[in-house]
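A short worksheet on the structure shown next.
The values are calculated or read from the model by the stated rules, or taken from the named source; none is laboratory data. Here the structure is a predicted model, which means the values were calculated and not measured. All Cβ positions, glycine included, derive from the backbone under ideal geometry; neighbour counts span all protein chains shown. Surface accessibility is based on the protein's heavy atoms, side chains included, excluding ligands, DNA and RNA. Shrake-Rupley method; radii C 1.70, N 1.55, O 1.52, S 1.80 Å.
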Amino acid sequence: MTKLTHLIGIIKDKASQSKAALLSKRTTLSLLRATSHDCSAPPTSKHLDMLLSSGDGPRATASAAVEVLMDRLQGTNNAAVALKCLIAVHYIIRRGSFILQDQLSVYPNSGGRNYLNLSHFRHTTDPTTWQLSSWVRWFAQHIEQLLCASRVLGFFLGTAGDKENREDRASGLCNGDLLSEFDSLVALVEGLCKRPEPNGNLLVEEIVKLARGDWGVVQAEVRVRLNEFKERFGGFKFGEAVELVCCLKRLEQCEEKMLDTMDEARDLKLWDMVTLVKDMAEIELYREESKLRRDTPKVRVSESDRFSGRVLSNRHLLLFPSGRLL
């Protein structure tokens, strides 16, 4: 980043913070301090905690805090500011109060897979901001997938309690709901595989650390569902078995990339479990397919019926210019 650009960023930060202080806007001031234009360092825990505390209180206060954060994110074309806003959003997902998380989950009302609308973000002032832009696009997509998975699961990842509680909850789900949850978790892992390569930037390193933490939580949820699938073999319908095999194959294809990018992914027992459950699911699929074929009634037709189907009636004949009837 050029010295002039860096200086302009500092001036913008000072001006915005001074205005917020004069207007006594506590939430806005906390946000501005946490999301400065400095691309060399991530927001401090102190500033993030101040931002979260500004959302404590009634629903209206939390809603205003989320709205200010999202307006800042949607209104900037600076990669450093966008990344810090996304870190703040992630902070709410993992550490925010229930009411803040609730307001985040319903913003905006339309929701959707691309509701942060940063898939085309570009900041091309210099090579540094160009590289940071790719991280903005990826981290925004990752957060969108986190929120989508949280909607499917019914809770924010990392807030489901201990292993026993998670297992009890999974055992009470029907096959369709369990498969939907597993599919959303696999989509999260696939998104983690698309992470750009780190460039030594401290802001990027903070995002890498957050992604590794997310992988640890996702890995635990995946294990719970793999164990539950093993208990249910023999009770899947044909369509459910097909969906399970497809999800497991997608997850298995992530192994190499995850081992390369995530130190925490080097627990080979997880991938051995994925392969084991996939093999069991394929056996289940073969069994259900054979059962389906056996139970499907066969329609017998006589030779005369088959022959009649090959005879063309006059209404099927076409007169071509050559004069031949076809």
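See the values below:
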{"quantity": "Gain in span if fully extended, Arg294 to Leu202, counting 0.36 nm per residue against the direct Cα distance", "calculated": "27.0 nm"}
{"quantity": "Label-point gap, in nm, between Asp260 and Arg95 - each point 7 angstrom along Cα→Cβ", "calculated": "3.2"}
{"quantity": "Alpha-carbon Debye profile of the stretch 81-198, log10 I(q)/I(0) at 0.14 Å⁻¹", "calculated": "-0.66"}
{"quantity": "Dipole magnitude of the stretch 130-236 about its Cα centre (Cβ charges: Lys, Arg +1; Asp, Glu -1), debye to nearest 20", "calculated": "160"}
{"quantity": "J(HN,Hα) series, the stretch 177-188, from Karplus relation 6.51 cos²θ - 1.76 cosθ + 1.60, nearest Hz, glycine and proline x", "calculated": "5, 5, 5, 5, 5, 5, 4, 5, 5, 5, 4, 5"}
{"quantity": "Approximate spin-label separation Val106-Glu67, in nm, with each point projected 7 Å along Cα-to-Cβ", "calculated": "1.3"}
{"quantity": "Sites Asp49 and Gln253, calculated FRET efficiency, Cβ-Cβ separation with R0 45 Å, nearest 0.05", "calculated": "0.70"}
{"quantity": "Residue-level accessible surface for Ser63, protein heavy atoms, 1.4 Å, Å²", "calculated": "40"}
{"quantity": "Relative contact order (%) - criterion: Cα under 8 Å, at least six apart; region: the stretch 112-229", "calculated": "28"}
{"quantity": "Net charge dipole size for the stretch 187-294 [Lys, Arg +1 and Asp, Glu -1 on Cβ; Debye, nearest 20]", "calculated": "500"}
{"quantity": "For the stretch 225-231, Karplus couplings with θ = phi - 60° (6.51, -1.76, 1.60), whole Hz, Gly/Pro x", "calculated": "6, 5, 4, 5, 4, 4, 6"}
{"quantity": "Potential extension, Glu282-Lys237 segment - 0.36 nm per residue separation minus Cα distance", "calculated": "14.9 nm"}
{"quantity": "Spin-label zone in the stretch 177-196 - amide nitrogen under 16 Å from a point set 7 Å from the Cα of Phe155 along the C-beta vector", "calculated": "178, 181-182, 185"}
